Amino acid sequence: MATSTSLAAALPSRVTSPGRRAALSCTTSRAQPRPHPVRAVSSVGPRCRLVVTCNAQAAAPMSIGQGTPVRPTSVLVVGATGTLGRQVVRRALDEGYDVRCLVRPRPAPADFLRDWGATVVNADLSKPETIPATLVGVHTVIDCATGRPEEPIRTVDWEGKVALIQCAKAMGIQKYVFYSIHNCDKHPEVPLMEIKYCTERFIQDTGLDYTIIRLCGFMQGLIGQYAVPILEEKSVWGTDAPTRIAYMDTQDVARLTFVALRNEKASKKLLTFAGPRAWTTQEVITLCERLAGQDANVTTVPVAVLRFTRQLTRFFQWTNDVADRLAFSEVLSSDTVFSAPMNETYQLLGVEAKDILTLEKYLQDYFSNILKKLKGLKAQSKQSDIYF
Amino acid sequence: MVAAVSPPGAAGAATIIASFHGTHCASPSRAAAPRPRYHGSACCFAAKPTPAAAVASEPGQDQDVDDEGGVLGAANGADATLSTRKKRRARKGKRSAAAQQQEAEEEEARRKAEEEAAAAKKKKAEEESRAASLDLDEVMAVSPVGLGRRSRQLFDEVWRKFSRLGQMSSASATEALAEAEQAVLSRGGPMCEFTVPGAQDTTVLVVGATSRIGRIVVRKLMLRGYNVKALVRRDDPEVIDMLPRSVDIAVGDVGDPLAVQSAVSGCSKIIYCATARSTITGDLNRVDNQGVRNVSKAFQDYYNEMAQLRAGKSSKSKLLIAKFKSAKSLKGWEVNQGSYFPNAYASGSSFDEGIDASFEFSEGGQAVFAGFVFTRGGYVEISKRLSLPLGSTLDRYDGLLLSVGGNGRSYVVILETGPLADTSQSKKYFARMTTKVGFCRVRVPFSAFRPVKPEDPPLDPFLVHTFTIRFEPKRQRPGDGTQGATDPRNFELILEYIKALPTGQETDFILVSCTGSGIEPNRREQVLKAKKAGEDALRRSGLGYTIVRPGPLQEEPGGQRALIFDQGNRISQAISCADVADICVKALHDSTARNKSFDVCYEYVSEQGNELYELVAHLPDKANNYLTPALSVLEKNT
């Protein structure tokens, strides 16, 4: 701890050709110790290659061992307004943690977090100077932040995260939980996955006590994508990709996270959380149709079209963000299965497999609930029809 | 969901409603629709009142509406406002969060839409002044603005869906998803393990909301959608900041009856987790004893007041069976004597035998039942036919509460059931009650009554017609021969009143007490005494109570270790504050928790290799409710 931990990590700004992939992963996997905190922004060819070098030597040795001990129940959740983040906050509050939420300053603050009893602090990962103050008195950092789809992927997901992790290291945070993506090491062509993978490596190199959790897909995402359009009798867009994803309920993710957090055996480990079964898009749509009792108006987009669009958008500077957004199509076309055997994880955490929610049950609950409401609404609207 | 934002946003929701109705509704607000695509169907239900809101908030627009549209709006508005008023209040915070998310998302679009809407409205007003029956869609079709907007909407929609296909659904949850999910959550939708049905209609007063347990209790209640009121001692900014923003805050000390009175109003449940800050006797008495007394009294008063407003009786107030305040009130009470050994009594001419008893109104204004029973196996009793007020029957009551004084003997309360006309068929049920020297109140639950003949069915309070208090001297041990003032065969019982305690399904008042382990030994007795007094006050209040006595509290996350529920002061382990808070919240709606006191602590974990037996225990998780099975084996009315 007393030695200065100089950490270097590099991430190219954009991957433009598959050929560069090898060189890139090579650069990132090597954490280069540098004598000085140098930030070199060097231009390599037409592409800009940014090297982030950081020096995480700080007052850490001073703050540990003296002063008021940090309460183990104090938790900072980064990205608390997100799909997963809010479930993590709920779970943490319910288990009796003191939760602090790091959210971006907005015109209207995230009131629901305050209403649940969490403390909200304003900071922006893309502005590193705002981070340290939020980490004072925190024992555990749970990082479920991701950039919004409309903003460039690097500012939050890479630069912001690096700043946060360095800060956590410097301020003696005693546990760092990071959510990554399953198979992120196998798809460096997808920027987000590559960034997640680099961040994983970065955390492992810092010497923080970490738990990295790789996730596959959230059931909550399916509601907006398939369930709602089917109910509204709008067209549902799907691909013909054979990719299978083991969707998982975010509440289960949050629950398992806290079990892992308290489990000594899960410290400095990389865990993968996957749902009970892997589903293709077509299967999910079929299931939704069956539960909703009506046929979906499915528009199937061939993966080739997606890939083509991505290739096309990559040609122009101004559509590059769009290209990044479509990057997942590369994965879709590669016939990957986003799932992992969970038996070992269950055993490690002492969780029973039957407590994990299945997608069938989840969607069934959703549809039965919503159809009930819909019936009530129709009955009401009939009454008003009399006046019509 | 979007009622709070500007009219165009509201109009967006209205479009969806219209499409849900399946009718072609030419509402003017449709013209102002920006991009309705971010409203999941989940939002639509919450957005029900918005057409009305849109119509009502813009009188100018209202005039433009042709008659049919106006009626529809009004009709919708009438029932929508009625049905959603409650929900809206409960979702105050969440709605604003969702609205703000949407704002961030659609700010750009809305600004444009607003301008366009204004233009469209102007145009429409002109056109409608010329031809009132012109279809709005036609207006849109001919207007270049409308055309442009439409095509853009279409393109946006397609592009959004297309681009979503190429995204990681796990990592980049779009705002739309988040919003849809928000709506699902806030409506108590699927898989929301936190929401409790009916929570929005329940207001819980948390006394001592800033205590170690109270803080967590408040959070848990908020998560489950309850309305929470917090009673705190001081309204310092740092105290207020500790509590969620939509918690009602009442400031006051529990020792102050007036402050408590105002805090209690409007609440339907109370969780009392305040404790004295020091072990000074005055402090202990004020918080742990008088505080509980004040709060339970204020709660009862509030219920009675509410009942009076409804011109009825509170379901939680006690029923007066007899009050002994004048000589007249003794009418109807008969004094009888008897013996368990009839033949011994008949031949009773022994020297030290004799029974004498009287029940009369003394000069001091007290109804005194006094006398002596020297006969072996003899007893005396006073009894009365019950005459309950019209419309009230004892089956709606849980037990009896007697306020008595005297020299501290033990008595038997006997209830007689059966047809009034034929006393030979009546069945008798008895329960023992012990009194203290001086005045005290004794609680005798109906569940404590046992049939005199073992083959009789358990007591049905509905059938009770006669009430009896019997004195029978305890069998004398050969050892204590001294006679005189302490002769157990003399008795004196001063009766003040007899009331029936109301019954109910759920607990009204949860009190967090303590077991006494973990308190510094030299003050333990005083602390326990104050706590005990508070507990007793609560038991006698007639409210449904749950008294939780946790072991020494630890500040750690809850839900990790198995818990032991026990009665009788036998626990030795600690427990986390979060677990106690969880028990409190679970007990709110648990009928097995009503009128129970119990100790709770962690399961004892023996050291490795030292286990004597394997405990079958389970950790609390989302699937199982550990409280009900644990409490159902414990005794009631403790």
(message) For region B:374-419 and region B:548-577, what is the centre-to-centre distance using only Cα atoms, to the nearest Å?
(response) 39 Å
(message) On a full-extension model of 0.36 nm per residue, what is the gain between residue B:309 and residue B:328, subtracting their alpha-carbon distance, rounded to one decimal in nm?
(response) 3.7 nm
(message) On a full-extension model of 0.36 nm per residue, what is the gain between residue B:450 and residue B:362, subtracting their alpha-carbon distance, rounded to one decimal in nm?
(response) 28.3 nm
(message) Report the Cα centroid-to-centroid distance between region A:178-243 and region A:248-277 in angstrom, as an integer.
(response) 15 Å
(request) Would you mind checking which residues have amide H under 5 Å from residue B:493's amide H? H placed 1.01 Å from N; only 5 or more apart, or other chain. (result) B:369, B:370
(request) Could you list the residues of region B:429-453 with an amide nitrogen less than 20 Å from a label point located 7 Å from the Cα of residue B:320 in the Cα-to-C-beta direction? (result) B:440-444
(request) Would you mind classifying region B:520-562 by shape? Square roots of the alpha carbon gyration tensor eigenvalues, ordered a ≥ b ≥ c; an a/c under 1.5 is rounded, otherwise it is prolate if a/b is larger than b/c and oblate if not. (result) oblate
(message) Below 8 Å, C-alpha to C-alpha, sequence gap of six or more: please give me the relative contact order for region A:101-232 in percent.
(response) 20 percent
(request) For each pair in A:265/B:220; B:531/B:596; B:297/B:318; B:331/B:384; B:436/B:636; A:127/A:169, compute the distance between the two Cα atoms and list the pairs where it is over 20 Å. (result) A:265/B:220; B:436/B:636
(request) For residue B:525 and residue B:336, calculate 0.36 nm times their separation in residues minus their Cα-Cα distance, and state this gained length in nm to one decimal. (result) 63.7 nm
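Order these peptides, A:221-233, B:257-269, A:287-299, by their mean beta-carbon neighbour count within 10 angstrom, highest first.
The packing order, highest mean first, is A:221-233, B:257-269, A:287-299.
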(message) If you take each beta carbon of peptide A:209-216 and count the beta carbons of other chains within 10 angstrom, what is the mean?
(response) 1
(request) Taking the Cβ of residue B:469 as the centre, find all other residues whose Cβ is under 12 Å away and add up their charges (Lys, Arg: +1; Asp, Glu: -1). (result) +1
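Going by a ≥ b ≥ c, the root eigenvalues of the Cα gyration tensor, does region A:68-129 fall in the rounded group (a/c under 1.5), the prolate group (a/b larger than b/c) or the oblate group?
Verdict is oblate for region A:68-129.
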(request) Provide the FRET efficiency to the nearest 0.05 for the residue B:158-residue B:262 pair, computing r from the beta carbons and using R0 = 41 Å. (result) 0.10
(request) Provide a whole-number value for the mean count of partner chain Cβ atoms within 10 Å of the Cβ atoms in peptide A:81-92. (result) 4
(message) Let me confirm one metric for peptide A:224-234, namely the mean number of other chain beta-carbon atoms within 10 Å of its residues' beta-carbons.
(response) 6
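Taking the Cβ of residue B:304 as the center, what net charge do the other residues with Cβ under 12 Å away carry, scoring Lys and Arg +1 and Asp and Glu -1?
Once all neighbours under 12 Å are counted, the net charge is +3.
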(request) Would you mind classifying region A:223-270 by shape? Square roots of the alpha carbon gyration tensor eigenvalues, ordered a ≥ b ≥ c; an a/c under 1.5 is rounded, otherwise it is prolate if a/b is larger than b/c and oblate if not. (result) oblate
(request) Compute the distance in nm between two label points, each set 7 Å from the Cα along the Cα-to-Cβ direction, one at residue B:245 and one at residue B:474. (result) 6.3 nm
(message) I need the calculated FRET efficiency for the pair residue B:492 and residue B:532, taking r as the beta carbon distance and R₀ as 25 Å, to the nearest 0.05.
(response) 0.45
(message) Between residue A:270 and residue A:372, how high is the FRET efficiency from 1/(1 + (r/R0)^6) when r is the Cβ-Cβ distance and R₀ = 45 Å? Nearest 0.05.
(response) 0.60
(request) Sum up the charges of everything whose Cβ sits under 9 Å from the Cβ of residue B:453, counting Lys and Arg as +1 and Asp and Glu as -1, but leave residue B:453 out. (result) 0
(request) Could you order B:220, B:586, B:229 by accessible surface area, starting with the largest, using a probe radius of 1.4 Å? (result) B:586, B:229, B:220
(request) Order the peptides A:342-348, A:199-205, B:544-550 from the highest to the lowest mean number of other Cβ atoms within 10 Å of their residues. (result) B:544-550, A:199-205, A:342-348
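The values are calculated or read from the model by the stated rules, or taken from the named source; none is laboratory data. Only a predicted model underlies this, so the values are computations on that prediction, with no experimental measurement involved. Counting neighbours? That spans all protein chains shown, and the Cβs are built from the backbone with ideal geometry, glycine included. These accessible areas exclude ligands, DNA and RNA; they are computed on the full protein's heavy atoms, side chains included. Shrake-Rupley method; radii C 1.70, N 1.55, O 1.52, S 1.80 Å.
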